[in-house]
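The next block holds one structure in the form of structure tokens; read it before the comments.
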Ligand code: UDP
């Protein structure tokens, strides 16, 4: 089996490449290195079944040879990144998805879309189940990511229904773990970087907004099961253990002696007030649920970040 993974040098893309290689697949990763980094796949470069090409999937893509699966994971995914790169974010969600679907269709391959809980926007219900249509501001600063992913889902379903393609859509909730960039601007890397540098931890707003953090190994397991399933409609994958951002910052401070204090900063526009996945569908059809708790996941992630910090 041969897979093409777009965004293969990114945080999630590289973990997915690891999993596919471990399952015996041939993997071709495509990445334009905008947010992905070579070091995420450095350990795979000598593997005979792994290759990586520098390519921007927002432009036409072609790949020689047969392909069984195209997995579209390319996109900036941190609010700070997509605010810095609004147009590339829109393009990779829209044109990149179209190109990746086109490649899958040309190769008679299956297709997998990495979608997001951002499709639910600032949700009016909690937890969020897959039938909820969401509450997204199309013209707000997050619209560039949210609407691109919503378009990507619509495009994927159109290819499934019209071209009868075998497609899958995962809605990924907040995920953390080794290979997140320490400077990607998200809550966990920010808090850890700040704690390591002795700077105050910046909680935005009053910190009462919630998120639910899933450890990357659990997420990849859910994704692999969905890849192999015959479900075509979106499936939430995430950890339903919900926590306020203030509590989350406190949890991270506990791992540091003489941890710096918490300070409050302005809440970014349209920042969702709550986010928690309803994972009953994943439990039912994939027999999947997360296994790694926050305590264990944070330990693994902090030890990675401490090493990276030392080297930088
Ligand atoms: N956040 C924070 N301090 C930071 C970075 C983020 O309080 O230094 C908050 C952010 O406003 C949001 C939550 O943490 O409410 C999660 O933000 P993140 O950027 O990790 O991802 P999001 O879930 O918003 O996509």
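Whole number please: convex hull volume per residue of the Cα set in the range 102-232, in Å³?
Output value, Cα hull per residue: 143 Å³.
How much length would be gained if the chain were fully extended between residue 151 and residue 133, taking 0.36 nm per residue of separation minus their Cα-Cα distance, in nm to one decimal?
Working it through step by step, the gained length comes to 5.2 nm.
Among 54, 171, 142, whose mean-square fluctuation peaks in a Gaussian network model of the chain (Cα, cutoff 10 Å)?
For the chain, modelled as a Gaussian network with Cα springs under 10 Å, the answer is 54.
Quick one: 180, 1, 228, 155, fewest Cβ neighbours within 10 Å first, how do they rank?
228, 1, 155, 180
Taking only Cα atoms and a 10 Å spring cutoff, compute GNM fluctuations for the chain and point out the largest among 43, 129, 98.
43
If each residue's Cβ is checked for other Cβ atoms within 10 Å, how do 133, 25, 288 rank with the fewest at the top?
133, 25, 288
Report the FRET efficiency, 1/(1 + (r/R0)^6), for residue 39 and residue 300, where r is their Cβ-Cβ distance and R0 is 25 Å, rounded to 0.05.
0.90
Taking the simple approach of a point 7 Å from Cα along Cα-to-Cβ for both residue 166 and residue 54, what is their distance in nm?
3.5
Under 10 Å, Cα contacts only: if you run a Gaussian network model on the chain, which one of 48, 277, 88 comes out with the highest mean-square fluctuation?
Answer for the Gaussian network model of the chain: 48.
Compute the convex hull volume of the Cα atoms of the range 162-203, divide it by the residue count, and report the result per residue in Å³ as a whole number.
112
Once you have the alpha carbon radius of gyration of the range 188-285, what is it after dividing by 2.2 N^0.38 Å, with N set to its residue count?
Rounded to two decimals, the normalised Rg is 1.31.
Per DSSP H run of n ≥ 4, the term is -39500 (n - 2.57); total these for the chain, divide by its residue number, and report the mean residue ellipticity at 222 nm rounded to 500 deg cm²/dmol.
Taking each H run of at least 4 residues, the total per residue is -12000 deg cm²/dmol.
Across 20 Å bins from 0, what is the distribution of all Cα-Cα pair distances for the chain, in whole percents?
Using 20 Å bins, I get a P(r) of 34, 60, 6 for the chain.
Would you mind calculating the gained length between residue 204 and residue 1 on full extension (0.36 nm times residue separation, minus the Cα-Cα distance), in nm to one decimal?
That pair, residue 204 and residue 1, stretches by 68.6 nm at full extension.
Just the C-alpha atoms of the range 5-104: what Rg/Rh do they give, with Rh taken as the Kirkwood radius?
Across the range 5-104, the Cα-based Rg/Rh ratio is 0.96.
Output the 0 to 90 degree angle, nearest 10, between the alpha-carbon long axis of helix 187-197 and the longest principal axis computed from the alpha carbons of the chain.
That helix lies at roughly 50 degrees to the long axis.
How would you rank 248, 173, going from fewest to most other Cβ atoms within 10 Å of each one's own Cβ?
Ranking 248, 173 by Cβ neighbours within 10 Å, fewest first, gives 248, 173.
Please compute the Cα-Cα pair-distance distribution of the range 61-179 with 5 Å bins starting at 0, giving whole percents from short to long.
With a bin width of 5 Å, the distribution comes to 2, 11, 21, 22, 19, 14, 8, 2, 1, 0.
Mind pulling the angle between the C-alpha long axis of helix 11-22 and the longest principal axis of the chain? Nearest 10 degrees, somewhere in 0 to 90.
That helix lies at roughly 50 degrees to the long axis.
Between residue 233 and residue 264, what is 0.36 nm times their sequence separation minus the Cα-Cα distance? Round to one decimal in nm.
7.2 nm
If you bin the C-alpha pair distances of the range 222-274 every 5 Å from 0, what whole percents do you get?
It works out to 4, 12, 16, 14, 13, 13, 12, 9, 5, 2, 0, in whole percents.
Going 7 Å from the Cα of residue 158 along its beta-carbon direction, which residues of the range 55-96 have the amide nitrogen within less than 12 Å of the resulting point?
94-95
Of all DSSP beta bridges in the chain, what percent run antiparallel (nearest 5)?
Restricted to the chain, the bridges split so that about 10 percent are antiparallel.
Computed from the coordinates by the stated procedures, all read-outs in this text should not be read as laboratory data. Fair warning: this is a prediction, and the values are worked out from it, not measured in the lab. FYI the Cβ positions are ideal-geometry reconstructions off the backbone, even for glycines, and counts take in every protein chain you see.
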